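See below for the structure under consideration.
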Amino acid sequence: MAFKYWRRSSNFRHELELLDDIGFLLTVVMWFVVGSVAVYVPVGPHLWRTLLFSLAALTIVRILPAFAAMLGSTFSWRDRLRLGPRGTTSIVFALLACNGLSGEPADFALITMVFTVFGSVVLHGAGVLLAAGLRATHRHPDHLHRFS
């Protein structure tokens, strides 16, 4: 009872607003730094390996464990495919790998993270447009001439 009262108080709400603002600010700074650094990422002689691994990380390597984890669930197959973009987690793990590695393996981890994150942005951006168009045609089939 005391926790519910405290949680609904204006002081608590004010503290959460500050926490949200700080979290948003730190996220924006992180994406600004990643975008700035991505311009200077050296592309090594094994570009095809990096692109192949990034594509696999965005598709098969990500989808198979998610499907395996949801085998006993009641989620539909369509809901199981709804996986969000790769972003902060990939950046954090790539930075941890770069701190623990040196030389070519560290460069490979950094380059792969950049391609994976930016590939995720492009892939999910295109997927959202496609899904929005499909949803619009299924909901309003008589308005198809607006999308053509």
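The values are calculated or read from the model by the stated rules, or taken from the named source; none is laboratory data. None of the values given here were measured: they were computed from a predicted structure. Glycine gets a Cβ as well: all are built from the backbone with ideal geometry, and neighbour counts include every protein chain shown. Ligands, DNA and RNA are stripped out before the accessible areas are found, and what is left, the full protein with its side chains, is counted by its heavy atoms. Shrake-Rupley method; radii C 1.70, N 1.55, O 1.52, S 1.80 Å.
Worth pointing out:
- Residue satisfying condition, being exposed (fewer than 14 other Cβ atoms within 10 Å of the Cβ) and at pLDDT 80 or above, within set 119, 103, 84: 103
- In summary, residue 74 fulfils each of the numbered conditions (1) open to solvent by less than 100 Å² (accessible area, probe 1.4 Å); (2) in a loop (DSSP other than H, G, I, E, B) with the single exception of condition (1).
- Total residues in segment 82-134, condition part of a loop (DSSP other than H, G, I, E, B) and over 16 Å from residue 53 (Cβ atoms): 7
- Scanning segment 7-51 for residues that are loosely packed, with under 11 Cβ neighbours inside 10 Å, among the aliphatic types (A, V, I, L, M) and closer than 14 Å to residue 114 by Cα returns a single hit, 39.
- Residue within segment 62-69 that is under 19 Å from residue 122 (Cβ atoms), modelled with pLDDT under 80, within 16 Å of the chain's Cα centre (by Cα) and surrounded by 10 or more Cβ atoms within 10 Å (Cβ to Cβ) present: yes
- Yes/no for residue 112 being modelled with pLDDT of 80 or more and loosely packed, with under 10 Cβ neighbours inside 10 Å: no
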